[in-house]
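A.B. asks: The structure's right below; bear with me while I get my questions together.
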Amino acid sequence: MKQDFLKYQAQTSPYPLGMEVSHAVDSYIFDTNGKKYLDFVAGVSAVSLGHQNKRVNEAIINQLNKYSHVMVYGEYAQHPAVEYCKLLVQNLHPSLNKVYLVNSGTEACEGALKLVRRVTGRSQLISCHNAYHGNTMGSMSVMGFEERKQVFRPLIPDVDFITFNNEDDIQKITSKTAGIILESIQGGAGFIEPKNDFLAKVKKRCEEVGALMIIDEIQPGFGRTGKLFGYENYNVVPDVVIIGKGMAGGMPVGGFIANSNYMDLLSHDPKLGHITTFGGHPVIAAASLATLQEILEKDYISQSLAKEKIFRELLVHPLIEEVRGKGLMLAAMTKSAEITNEVILRCQDKGLILFWLLFEGKAIRITPPLTISEEEIREGCKIILEVMDEVMNEN
């Protein structure tokens, strides 16, 4: 299977991990040789409730037995999507009261960027250095990492960049700015949290000049940081919220949320301001609804902070310089990218799945399912420390 994988599927890197997957259950993935791997990555923060969550699976099966795709997004009222959007809005600030469902995080970003231009009539977009918001052309245009996008230029024009947590840069938001897009916690840059009310200060500046603030919750969202959404930790309410990854228990999905006065502008002048065939797909929406219900009804959101404490207590080692992030969005920072590579690869050999971050080579990604147990956390951390001992003793 691995040979066919390399031959017939386009690759994203020269050296994919290439595990041949047999099945996955709860916090574990099994390969075709029967080896079990503890999953500390959760499909890069997407499998919020672990693999094969019963409630999500039943929702998918039940919906499949009723109907699947019947019409492009926005034409028919379909129960799973309606109920999902309703429940989501009921758990948000009153100003965030209308949802547009799409197929991925990057499409959600595209929709949000179009929305702020439509609302304000302005063109300038501002993002942050080392930001990541997706990989389609608009999303790539607001990616703050030139190495990854230079060969694809020209991208969309009138995009400028500031430095996350640099308060002086906030003044670059002006009356020419349509919107600024920020992650509530910078992901690819190394799980960097906002400091000194940075997000609230950005929002205040936006209000002063009539710009809109987009917060990207694709990775921090849905309980991973001890709140339903990461921005709730930082005393701010954005104008637009982008969602994806963990919202459907591992199914492909995305969405953007804003005030209905803004969202309704996408329906006219011109009509079809944003369209998608499969957005709000009933099977995916059913999975999203089940995932959100489970997260809200169980204690997973507050548990993420308790589990963070366990990780921080255990991950103490001479090779770990710090542990960044919040809740179950953590990055163990080693002394070098070489050490990080060695640790990640050796841990997989020993049955623990870890992963990298996009731009910060020294970071070891730790983003397990919200459902991970304390025993599993201890099991995985023990492997990490054993591997680090090996690496340290060899150098």
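A.B. asks: Can you run phi through the Karplus equation (6.51, -1.76, 1.60; θ = phi - 60°) for the stretch 388-395 and list ³J(HN,Hα) in whole Hz, with x for Gly and Pro?
C.D. replies: Values per residue, Gly and Pro as x: 5, 4, 4, 4, 5, 6, 8, 10 Hz.
A.B. asks: Once Lys and Arg get +1 and Asp and Glu get -1 on their Cβ, which of Ile320, Val25, Gly279 lies farthest toward the positive end of the dipole of the chain?
C.D. replies: Towards the positive end, the residue furthest out is Gly279.
A.B. asks: What ³J(HN,Hα) values, in whole Hz, does the Karplus curve 6.51 cos²θ - 1.76 cosθ + 1.60 give for the stretch 298-312 when θ = phi - 60°, with x put for Gly and Pro?
C.D. replies: Once rounded to whole Hz, the list reads 8, 9, 5, 5, 6, 4, 4, 6, 5, 6, 4, 4, 5, 4, 5.
A.B. asks: Any idea which of Asn53, Ala42, Ser13 is furthest toward the positive side of the dipole for the stretch 12-57, if Lys and Arg beta-carbons carry +1 and Asp and Glu beta-carbons -1?
C.D. replies: The residue sitting most towards the positive pole is Asn53.
A.B. asks: Can you tell me what percent of all Cα-Cα pairs in the stretch 217-297 are more than 16 Å apart?
C.D. replies: Every Cα pair in the stretch 217-297 considered, those over 16 Å come to 59 percent.
A.B. asks: Also: To the nearest Å, what is the center-to-center distance of the stretch 101-121 and the stretch 346-378, using C-alpha atoms only?
C.D. replies: Taking the Cα centre of the stretch 346-378 as reference, the centre of the stretch 101-121 is 31 Å away.
A.B. asks: Something else about it: How do Phe359, Phe278 stack up against each other in accessible area, from largest to smallest, with a 1.4 angstrom probe?
C.D. replies: Phe278, Phe359
A.B. asks: Same structure again: Leaving ligands, DNA and RNA out of it, rank His23, His317 by accessible area with a 1.4 Å probe, largest first.
C.D. replies: Heavy-atom accessible area, descending, gives His23, His317.
A.B. asks: Just check the stretch 26-96 against the gyration tensor rule for me: Cα atoms, a ≥ b ≥ c as the square roots of the eigenvalues, rounded for a/c under 1.5, and otherwise prolate or oblate depending on whether a/b exceeds b/c.
C.D. replies: oblate
A.B. asks: Same structure again: Ranking request for peptides 74-84, 196-206: highest mean number of other beta-carbon atoms within 10 Å first, then the rest in descending order.
C.D. replies: 196-206, 74-84
A.B. asks: Tell me the relative contact order for the stretch 176-295 as a rounded percent, counting alpha carbon contacts under 8 Å between residues six or more apart.
C.D. replies: So the answer I get is 21 percent.
A.B. asks: Roughly how big is the stretch 207-334's charge dipole about its Cα centre, with Cβ charges of +1 (Lys, Arg) and -1 (Asp, Glu), in debye to the nearest 20?
C.D. replies: Dipole size: approximately 440 debye.
A.B. asks: Continuing with this model, one more query. Order these peptides, 251-258, 44-51, by their mean beta-carbon neighbour count within 10 angstrom, highest first.
C.D. replies: 251-258, 44-51
A.B. asks: I've got another one for you. Among rounded, prolate and oblate, which fits the stretch 279-395 when a ≥ b ≥ c are the square roots of the eigenvalues of its C-alpha gyration tensor, a/c under 1.5 means rounded, and a/b larger than b/c means prolate?
C.D. replies: prolate
A.B. asks: Enumerate the amide H contacts of Glu183 below 5 Å, restricted to partners 5 or more residues apart or on another chain; note that Pro and chain-start residues carry no placed amide H.
C.D. replies: Distant-sequence amide H within range of Glu183: Asp216.
A.B. asks: Please give the per residue accessible area of the stretch 127-219, computed with a probe of 1.4 Å over protein heavy atoms only, in Å².
C.D. replies: Each residue of the stretch 127-219 exposes 42 Å² on average to a 1.4 Å probe.
A.B. asks: Rounded, prolate or oblate, given the Cα gyration tensor of the stretch 1-159, with a/c below 1.5 counting as rounded?
C.D. replies: Judged from the Cα gyration tensor, the stretch 1-159 comes out oblate (a/c at least 1.5, b/c at or above a/b).
A.B. asks: Could I ask something else about it? Using +1 at the Cβ of each Lys and Arg and -1 at the Cβ of each Asp and Glu in the stretch 249-395, identify which of Ile377, Ala306, Leu292 lies farthest towards the dipole's positive end.
C.D. replies: Value: Leu292.
A.B. asks: Any idea what the relative contact order of the stretch 161-210 is, in percent, if you count C-alpha pairs under 8 Å spaced at least 6 apart?
C.D. replies: After rounding, I find 46 percent.
A.B. asks: Among residues other than Tyr234 whose Cβ falls under 11 Å from its Cβ, what is the net charge (Lys/Arg +1, Asp/Glu -1)?
C.D. replies: My count for the surroundings of Tyr234 gives +2.
A.B. asks: Also, quick follow-up: Quick one: what are the phi-derived ³J(HN,Hα) couplings along the stretch 175-188, Karplus 6.51/-1.76/1.60 with θ = phi - 60°, whole Hz, x for glycine and proline?
C.D. replies: 5, 8, 8, 6, x, 10, 10, 9, 7, 5, 10, 5, x, x
A.B. asks: Then there's this: Using amide H atoms built in the peptide plane, which far-off residues or other-chain residues are under 5 Å from Ala24 H to H?
C.D. replies: Result for Ala24 returns Phe30.
A.B. asks: Can I ask one more? Quick one: pull the percent of accessible area on the chain belonging to carbon and sulfur, 1.4 Å probe, ligands and nucleic acids left out.
C.D. replies: Accessible surface attributable to carbon and sulfur in the chain totals 51 percent.
A.B. asks: So for the chain, averaging the separation of alpha carbon pairs under 8 Å that are six or more residues apart and normalising by length, what relative contact order in percent results?
C.D. replies: It rounds to 23 percent for the chain.
A.B. asks: With runs of 4+ DSSP H residues as the only contributors, calculate the mean residue ellipticity of the chain at 222 nm using -39,500 (n - 2.57) per run, divided by the residue total and rounded to the nearest 500.
C.D. replies: Calculated at 222 nm, the ellipticity per residue is -10500 deg cm²/dmol.
The values are calculated or read from the model by the stated rules, or taken from the named source; none is laboratory data. What you see is a predicted model; the values in this text were computed from it and never measured. Neighbour counts run over all protein chains shown; Cβ positions are idealised from the backbone, glycine included. Only protein heavy atoms, including side chains, enter the accessible area calculation; ligands, DNA and RNA are left aside. Shrake-Rupley method; radii C 1.70, N 1.55, O 1.52, S 1.80 Å.
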